[in-house]
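Asks: Structure in structure tokens, see below.
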Amino acid sequence: MNAGRILLAVLLVMNVASAIGVVYARHEHRQLFVALDRLTHERDELNIDFGRLQLEQATWAESNRVDQIARTRLGMKFPEGAEIEVVRP
Amino acid sequence: MSMLPKNPFARRQQKQNPARTATPARPRAQRGGFNLRGRLALVCGGLGLCSLALIGRAVDLQLVDNEFYRKQGDERFLRELEIPTTRGMITDRNGEPLAVSTPVESIWANPQELSRNPDRLPELARALGVPADYLTRKVLQRSDKEFMWLQRRMNPAVARRIVALDIPGVFSQREFRRFYPQGEALAHVLGFTNIDDEGQEGVELAFDDWLRGKPGMEKVIRDRRGRIVENVDLVQPATPGRDLTLSIDRRIQYLAYRELKRQLLESGASSGSAVVLDIATGEVLAMANVPSFNPNAVETGNRDAHRNRAITDTFEPGSTAKPLTVAAALEAGVITPHTLFNTSPGWIPNGKYRTTDTHNYGTLDTTGVIRKSSNVGASLIARRLSDQQFYDFFHKMGYGASTHSGFPGESPGSLPAPSRWSGTSKQTMSYGYGMSVTPLQVARAYAAIANGGRAIQPTFVKGERNEPVQLLDPKIAGEVMKMMQTVTEPGGTATQAAILGYHVAGKTGTSRVAHAGGYSREYTAFFAGVVPVDNPRFAMAVVIKNPTQGSYYGGLVAGPVFHNVMEGALRLMDVPPDDIDAWLAAQSAAEAKARGGKPAPAVAAAPVDGGPGNDDVQAVTP
């Protein structure tokens, strides 16, 4: 009889404890999920920013533009055959 | 049982009932008339039934129909939202971005909500830049719907301003748009995507599954006004599209496009294509076409310019087929490089037609046939081959069959089988008429000859290694290479394609464009070549269709394109020259000229100190 009561009490305590555990885990899940969400968002934003910067860089480095600037603004040209010095090892 | 003794008393009280009104001071007598137990039981039973019904209902709600009601509840505030994701980036072989997805905002509205505030419509129309009555009409048309796009793919800054107006029922959603920083130069290879970010043409279509991301799903709690209160759960994470590294080299590609465009303007041609293959790997290093279109504004361009002509259009290869005719005869053992052919008087009958050369070349050896591009010579060589031998060789070299590059819309060209030949077919085919090929097929065949007879399936993906197939004896391939080398040397038909410091093997081609019932006055100028001859690196095919100004010969029209692009490519890829002697000769000639005019200049570059190399230089400098 006594043992039964003790068992009941223990089970009751465990029940309550596990219930609190569930609540706590759920709470933690929510919090972690919010954090994950924020971080994913941040990552995506950074990725998008990176993509935008790459796009910008590629636009600036567009071959046609570089070619034009090199020829007109910097006055560069491809060396003639005779202007190339052949160096042998 | 304890109630029992009271029963007789109750009965007694009932008997006294008529006297009740007369004696109100005796309340007990009032009770006497009721069946108390019965009533109690009734009330208790009634209440019990009620609570039983309540419990039953609760069980029904909580246990039996729980799912249904929970769903109903959730539907009122829980929403599954799509998480948009990016399409993979396409880069060239050096990691330079060629196609990048970047976010834009699309404005959408809930017409039900919007039509409740008609006074704000003009304000919205102004912000969107559309006429107010047009917007009003559209909103009213859809006033029973819950969704309509107002404007898609806007500048995010403008979209933010519109949302900031805080008009009820107007929202913005992030979408992704594709940008192609290389613009026209690479438009055909890359293709483009539609407004829903699905590949429509080119690599975007061929690798759509690889590039496309899988949008994720998340569960959120939303309030009545659509604001997200809380993120509840991630149903499915978004998987962004994978990046794709192409075999294309952006710089060579640009060169090819620029040179084609320039040649198109100079020669008044209607279109042009160029393909550059890496001989050792089969990778497509460049593939350019003119006219081109702007992939960032596809709708405005001419549909005809969208075609990747280098792979979808076929041309009669003309004289570029002659090296294959020669290789076929060498393989069959019916000629040697030194066999002599008498091409006098510059023509030869072919059924009731004639095969003619531009000049009477007299007696030519096999190399001479290639160098001078003699149709008569090619005919004489083909006559020594059986129909089947001839057909089998061209078929083996990939003519008349798709290269399986995986590019959408690739044409297999056409190579009629001997059963469909007329009596004149073999002879006309020996110099490249009566069949059609794509520039890519020609480049592949030339690459195979340069690669010691080993053909590799072309690919657009960097690092994708296709197994080479030995098609031709390496010795024969080498002999054909030596013959083709004479084409770009003095006395050949394409000295314009020669590159200082390198031996170039190639072949010109000029063919009349076939029209219904014969050949028109339109020409196709072809040049196909490989460089350098020792240790070949690049194979390139150039086609210029219908040049109208100046010459129409392949060597004069397509040759310079080959020269300019290959010269640049050799420099960009650091290919060591295989003909330093020519370089040194040119250099000393220039020095001599400079010395003749002006006082001798100091030695331009510091000579290499010591070493055998220096002696070499001394030895060959006259």
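The values are calculated or read from the model by the stated rules, or taken from the named source; none is laboratory data. Here the structure is a predicted model, which means the values were calculated and not measured. Every residue, glycine among them, receives a Cβ derived from its backbone with ideal geometry; neighbour counts consider all protein chains shown.
Asks: Go through the stretch B:241-250 and report how many residues are within 12 Å of chain A (Cβ to nearest Cβ) and either surrounded by fewer than 20 Cβ atoms within 10 Å (Cβ to Cβ) or touching a Pro at 6+ places or on another chain (Cβ under 8 Å) (or both).
Replies: Count: 1.
Asks: Which condition does B:Leu277 not pass, out of (1) farther than 30 Å from B:Gly169 by Cβ; (2) within 14 Å of chain A (Cβ to nearest Cβ); (3) outside any loop (DSSP other than H, G, I, E, B), if it passes all the others?
Replies: Just one mismatch for B:Leu277, condition (2).
Asks: Further question: Would you check which residues across the stretch A:58-72 are charged (D, E, K, R) and facing chain B (nearest Cβ under 9 Å) and list them?
Replies: Scanning the stretch A:58-72 gives A:Glu62, A:Asp67.
Asks: Scan the stretch B:251-270 and report the pairs whose first residue is closer than 21 Å to B:Arg512 by Cβ and more than 10 Å from chain A (Cβ to nearest Cβ) and whose second residue is in a helix (DSSP H, G or I) and not small (Gly, Ala, Ser), with Cβ atoms within less than 6 Å and a gap of 6+ or a chain change.
Replies: Matching pairs, first to second residue: B:Gln263/B:Val561; B:Ser267/B:Val557.
Asks: Any residue at all in the stretch B:506-519 that is out of contact with any strand residue (DSSP E or B) (no Cβ under 9 Å at 6 or more places or on another chain) and within 21 Å of B:Leu440 (Cα to Cα)?
Replies: no
Asks: Assuming B:Leu205 fulfils every condition listed in (1) away from chain A (no Cβ under 11 Å); (2) more than 28 Å from B:Ser101 (Cβ to Cβ) apart from one, which condition is it?
Replies: (2)
Asks: Just checking, which of A:Ala58, A:Ala35, A:Ala70, A:Ala3 is in a helix (DSSP H, G or I), among the hydrophobic types (A, V, I, L, M, F, W, C) and modelled with pLDDT of 90 or more?
Replies: Result: A:Ala70 is the single residue among A:Ala58, A:Ala35, A:Ala70, A:Ala3 that is in a helix (DSSP H, G or I), among the hydrophobic types (A, V, I, L, M, F, W, C) and modelled with pLDDT of 90 or more.
Asks: Going residue by residue through the stretch B:575-584, is there one that turns out to be under 18 Å from B:Gln485 (Cα atoms), loosely packed, with under 15 Cβ neighbours inside 10 Å and either more than 14 Å from chain A (Cβ to nearest Cβ) or modelled with pLDDT of 90 or more (or both)?
Replies: Among the residues of the stretch B:575-584, not one is under 18 Å from B:Gln485 (Cα atoms), loosely packed, with under 15 Cβ neighbours inside 10 Å and either more than 14 Å from chain A (Cβ to nearest Cβ) or modelled with pLDDT of 90 or more (or both), which makes the answer no.
Asks: Kindly indicate whether B:Val130 is touching a residue at least 24 places away in the same chain (Cβ under 8 Å), closer than 29 Å to B:Ala297 by Cβ and of a type in the set (Val, Ile, Thr).
Replies: Details: touching a residue at least 24 places away in the same chain (Cβ under 8 Å): no; closer than 29 Å to B:Ala297 by Cβ: yes; of a type in the set (Val, Ile, Thr): yes.
No; evaluated as a whole, the condition is false for this residue.
Asks: Also, quick follow-up: Here are the criteria: (1) under 29 Å from the mean Cα position of the chain (by Cα); (2) at pLDDT below 85; (3) assigned to a strand (DSSP E or B). Tell me which single one B:Val235 does not satisfy.
Replies: Unmet for B:Val235, out of (1) under 29 Å from the mean Cα position of the chain (by Cα); (2) at pLDDT below 85; (3) assigned to a strand (DSSP E or B): (1).
Asks: Going by what's in this entry, would B:Ala238 be described as closer than 17 Å to B:Leu440 by Cα and within 12 Å of chain A (Cβ to nearest Cβ)?
Replies: Taking the combined requirement at face value, the residue does not satisfy it.
Asks: For B:Gly452, indicate whether it is modelled with pLDDT of 90 or more and more than 26 Å from B:Thr355 (Cβ to Cβ).
Replies: yes
Asks: Something else about it: Restricting to the stretch B:89-130, name every residue that is of a type outside the set (Val, Ile, Thr) and within 11 Å of chain A (Cβ to nearest Cβ).
Replies: Hits for the stretch B:89-130 are B:Met89, B:Asp92, B:Gly95, B:Glu96, B:Pro97, B:Leu98, B:Ala99, B:Ser101, B:Pro103.
Asks: Could you grab me the full set of residues in the stretch B:71-111 that are among the aromatic types (Phe, Trp, Tyr) and in contact with a Leu (Cβ under 7 Å, 6 or more places away or on another chain)?
Replies: B:Trp108
Asks: Got a sec? Which of B:Val442, B:Val480, B:Val461, B:Val533 is in contact with a strand residue (DSSP E or B) (Cβ under 7 Å, 6 or more places away or on another chain), surrounded by 22 or more Cβ atoms within 10 Å (Cβ to Cβ) and among the β-branched types (Val, Ile, Thr)? Give the steps one after another, and end with the answer.
Replies: Numbers: B:Val480 fails: in contact with a strand residue (DSSP E or B) (Cβ under 7 Å, 6 or more places away or on another chain); B:Val461 fails: surrounded by 22 or more Cβ atoms within 10 Å (Cβ to Cβ); B:Val533 fails: surrounded by 22 or more Cβ atoms within 10 Å (Cβ to Cβ).
Unique residue meeting the criteria: B:Val442.
Asks: Separate question: Within the stretch B:341-394, how many residues turn out to be touching a residue at least 12 places away in the same chain (Cβ under 8 Å), part of a strand (DSSP E or B) and of a type outside the set (Asp, Glu)?
Replies: Within the stretch B:341-394, residues that are touching a residue at least 12 places away in the same chain (Cβ under 8 Å), part of a strand (DSSP E or B) and of a type outside the set (Asp, Glu) number 10.
Asks: While we're on this one: So for the stretch B:133-156 (the condition being of a type in the set (Gly, Ala, Ser) and closer than 27 Å to B:Leu114 by Cα), does at least one residue qualify?
Replies: Checked against the condition, which is being of a type in the set (Gly, Ala, Ser) and closer than 27 Å to B:Leu114 by Cα, the stretch B:133-156 yields at least one hit.
Asks: Go through the stretch B:182-196 and give me each residue that's touching a Lys or Arg at 6+ places or on another chain (Cβ under 9 Å), farther than 20 Å from B:Glu410 by Cβ and within 14 Å of chain A (Cβ to nearest Cβ).
Replies: Result: B:Gln182, B:Glu184, B:Ala185.
Asks: While we're looking at this one, here's another question. Go through the stretch B:478-597 and tell me which helices (runs of 4 or more DSSP H), entirely inside it, have 1 or more residues that are not assigned by TED's automatic domain parsing to the domain that holds B:Pro317.
Replies: Those helices (runs of 4 or more DSSP H) span B:580-597.
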